[in-house]
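The values are calculated or read from the model by the stated rules, or taken from the named source; none is laboratory data. Everything numeric here is computed off the predicted structure, so don't read it as measured data. With ideal geometry, Cβ positions are generated from the backbone for all residues, glycine too; neighbour counts draw on all protein chains shown.
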Amino acid sequence: MWSLTCYSVVFHLLQCGLSLVTVWFYTLLAVAIISLAGLMCVAIIPVMQRCYFDEILHVLVALAVGTLTGDAMLHLMPHVSETTTNTR
């Protein structure tokens, strides 16, 4: 089920003249670009020299922590924006 936040964003994009297919295309394109960036980092690790390995590993761990934290926050935002009602 879509939350109110997701519905309002899609409604706004449709009101701006974008079709639903265009919105899905740009969404999938953004996901593909982000995924390819991660795969390039994984592909570079076997090729790089040992002296740079520790430094780059720290950067990749920091990137992973930041990504997981950001993902958690973005998943919690719709729950915070929802209003709760007491049904007693």
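Overview of results
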{"read-out": "Contacts under 8 angstrom Cβ, first residue in the stretch 10-33 being modelled with pLDDT under 85 and loosely packed, with under 10 Cβ neighbours inside 10 Å, partner assigned to a helix (DSSP H, G or I) and not hydroxyl-bearing (Ser, Thr, Tyr), 6 or more apart", "value": "none"}
{"read-out": "Residue, modelled with the lowest pLDDT, within the stretch 59-88, restricted to residues that are assigned to a loop (DSSP other than H, G, I, E, B) and either closer than 27 Å to Val9 by Cα or touching a His at 6+ places or on another chain (Cβ under 7 Å) (or both)", "value": "Thr85"}
